[in-house]
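Notes follow once the structure below has been shown.
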Amino acid sequence: MRKCEVAVLGLGLMGGAALGKLLEAGVDALGFDPVGPGSDRGSSHGSCRIFRRFNFENPNYTGLSDEAHAGWIRLQSESGRTVLTETPVLEAGRPGSAMVASSRAAAIATGRADPVMTAAQANKEFPAFNLPGDWDVVVQDGGAILHTDVIMRLMRARAATRVIAELASFTPRRDGVSIRTASEEVFAERAILALGPWLGRALPELAALLDVTRQAVGWFAPSRADSVVSGRFPIFILDRGPDDIVYGFPDFEQRGVKAAPHNHGPVVGPDDWGPPASDAELRSVSEALAALVPGAAGPIIDRDVCLYTNTAPADIRRDAGEEFIIDRWPESRLIVCSACSGHGAKFAPAIGQRLARLATDPSYQAEPFFQLSRYSQFA
Ligand SMILES: Cc1cc2nc3c(=O)[nH]c(=O)nc-3n(C[C@H](O)[C@H](O)[C@H](O)COP(=O)(O)OP(=O)(O)OC[C@H]3O[C@@H](n4cnc5c(N)ncnc54)[C@H](O)[C@@H]3O)c2cc1C
């Protein structure tokens, strides 16, 4: 039987980053995933994600963003490939928007200049927009388009022969973890489970805390193509009211403006990647673009579906829910990662580092914010 120190099951952005950190540190690690870069499966697939320094979800994420940013810059300089395209992030919402206020507070808390703007200033600076005069607006610098397809390819190429491209099952043992694939049997001293939407299936005790939702994504043919190109158009997140947040990107790949609803779609299973996003699922996006970003509005020319995995709110402390799980699994040599909601991608280098340390440094604990003990069943 083949042996290794650490097995990483699932090589999306989280597992891929963890495997990279382990190999860099000289750990005898192996990764397992039947899905490779360029696939249309796995929550990390597709060309891009938003990198934000200031996260309206919780100011606790600012440090993680900074740590991850350093990791992305390092990957960029070592590979010579474009991993990040620095791009301002415009966040706007109806008067009193909690999203805009939280993002603004997170920026101010770091001593940065107040990122607030009037809607009129934003419309002037970014002519594709037509935000109502009374809307709240912030424009944060330090944002970027994260080129996730490039990153996934770099991670896989770097791990090279340390990847077994097969589905893996695991059996926890007192002294380690047995891993089985169609062609290999491996004994690992520890195993990281970075299985994205499939995590609840692998650990049924966790399933009740994880909701997998179907998320529609569209590309729109812009009515004013010159107004939506990188440099003249920001990443945007528009809070139109309860359960109606729409985000989008500049047309940086001549494919149209990628835009999508951020509110959760229907709960589905981890293998439910079809059918393609419908016009009805993208209606709120079409309406938001027509009303608020007319330069980007136009017919839908491409579609995709991705899955969010949303963690339940903690029941023994206050949190808003959807915080990541990065922790050891009780009474085992397993490490679990669920950073698969709608905003995990940007943090992958920082999360990979935490996963690698959990697997190799017995004295290390991830921040309490990410621990399973926030749920009474694990306390
Ligand atoms: C529509 C959408 C938009 C998003 N936008 C943003 C954004 O703008 N900014 C941001 O920061 N984040 C964003 N996210 C979130 C981000 O993409 C996810 O947090 C991240 O991709 C999760 O990565 P992961 O590695 O946890 O999961 P995945 O990428 O799903 O990886 C899990 C892997 O496990 C593998 N696997 C499953 N079962 C097995 C098995 N038995 N054996 C071996 N391998 C297995 C799968 O093949 C898969 O590759 C978005 C997500 C979606 C869906």
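The values are calculated or read from the model by the stated rules, or taken from the named source; none is laboratory data. Keep in mind the model is a prediction, meaning the values are calculated, not measured. Quick reminder, even Gly has a Cβ in these numbers, built from the backbone with ideal geometry, and neighbours come from all protein chains shown. Quick note on the areas: whole protein, heavy atoms, side chains included, nothing else; ligands and nucleic acids left out. Shrake-Rupley method; radii C 1.70, N 1.55, O 1.52, S 1.80 Å.
Return the distance in nm (one decimal) between the two label points of a simple spin-label model at Val116 and Thr171, each offset 7 Å from Cα along Cα→Cβ.
6.2
For the pair Ser39/Val268, report the inter-label distance in nm, with labels modelled 7 Å from Cα in the Cβ direction.
Reported label-point gap for Ser39 and Val268 is 1.6 nm.
Determine how large the accessible area of Arg333 is when every protein chain is in place; take a 1.4 Å probe and give Å² rounded to the nearest 10.
For Arg333, the solvent-accessible surface is approximately 70 Å².
Could the peptides 297-306, 50-59 be put in order, highest first, of the mean number of other beta-carbon atoms found within 10 Å of their residues? All intermediate terms of the calculation are to be shown ahead of the outcome.
Details: 297-306: 17.8, 50-59: 21.0.
Order by mean packing, descending: 50-59, 297-306.
So what's the Cα pair-distance distribution over region 1-105, bin width 5 Å, in %?
2, 10, 14, 17, 18, 16, 10, 6, 4, 2, 1, 0, 0
May I ask you to give the percent of accessible area on the chain that is carbon plus sulfur, with a probe radius of 1.4 Å? Spell out each step's value before the answer.
Values: 7920 of 15370 Å².
Carbon and sulfur: 52 percent of the exposed surface of the chain.
Hey, got the dipole for region 236-341? About the Cα centre, +1 on K and R Cβ, -1 on D and E Cβ, debye to the nearest 20?
The dipole magnitude comes to about 180 debye.
Kindly list the residues of region 58-75 that lie in the label zone of Phe369, defined by a backbone N under 15 Å from the point 7 Å along the Cα-to-C-beta vector.
58-69
Calculate, for Glu86 and Gln377, the FRET efficiency according to 1/(1 + (r/R0)^6) with r their C-beta to C-beta distance and R0 30 Å; round to the nearest 0.05. Spell out each step's value before the answer.
Values: r = 42 Å, r/R0 = 1.41.
So the FRET efficiency works out to roughly 0.10.
Would you kindly compute the Cα radius of gyration of region 78-120 and its largest Cα-Cα separation (Dmax), both in Å?
Here Rg and the maximum Cα pair distance are 14.2, 44 Å.
Using only DSSP helix segments of four residues or longer, with each worth -39500 (n - 2.57), what per-residue ellipticity at 222 nm results for the chain after dividing by its residue count and rounding to 500?
Numbers: 9 runs with 93 residues, N = 379.
Helix contribution divided over all residues of the chain: -7500 deg cm²/dmol.
Have a look at the DSSP beta bridges in the chain and tell me what percent are antiparallel, nearest 5.
70
Ranked highest first by the average count of other Cβ atoms within 10 Å around their residues, in what order do 141-152, 95-106, 6-17 fall?
6-17, 141-152, 95-106
If you project the alpha carbons of region 278-327 onto their three principal axes, what span does each projection cover, largest first, in Å?
46, 22, 18
Just to be sure I understand: with springs between alpha-carbon atoms less than 10 Å apart, which residue in Asp272, Asp175, Asp211 has the highest mean-square fluctuation in the Gaussian network model of the chain?
Taking springs between Cα atoms under 10 Å, the residue moving most is Asp175.
Where the centre of each part is set by its Cα atoms, how far does region 283-324 sit from region 70-145, in angstrom?
For region 283-324 versus region 70-145, the Cα centre distance is 17 Å.
Using every alpha carbon pair in the chain, what percent of pairs falls into each 10 Å bin from 0 up to the bin containing the largest distance?
5, 24, 33, 24, 10, 3, 0
Would you mind working out the accessible area per residue for the chain, using a 1.4 Å probe, and quoting it in Å²? Please report the intermediate quantities before stating the final value.
Numbers: 15370 Å² over 379 residues.
Heavy-atom accessible area per residue stands at 41 Å².
Note the direction-averaged projected area, equal to a quarter of the hull surface, for the Cα convex hull of region 57-179, in nm².
Mean projected area of the Cα convex hull: 12.2 nm².
On full extension of the chain, what length is gained from Arg317 through Asp134, given 0.36 nm per residue of separation minus the C-alpha to C-alpha distance? Present the calculation step by step, with values, prior to reporting the outcome.
Numbers: separation 183, 0.36 × 183 = 65.88 nm, distance 3.58 nm.
Taking 0.36 nm per residue and subtracting the Cα distance, the gain is 62.3 nm.
With contacts defined as alpha carbon pairs under 8 Å and 6 or more residues apart, what's the relative contact order of region 217-278 in percent? Please list the in-between numbers first.
Working: 82 pairs, mean separation 21.1, N = 62.
Value for region 217-278: 34 percent.
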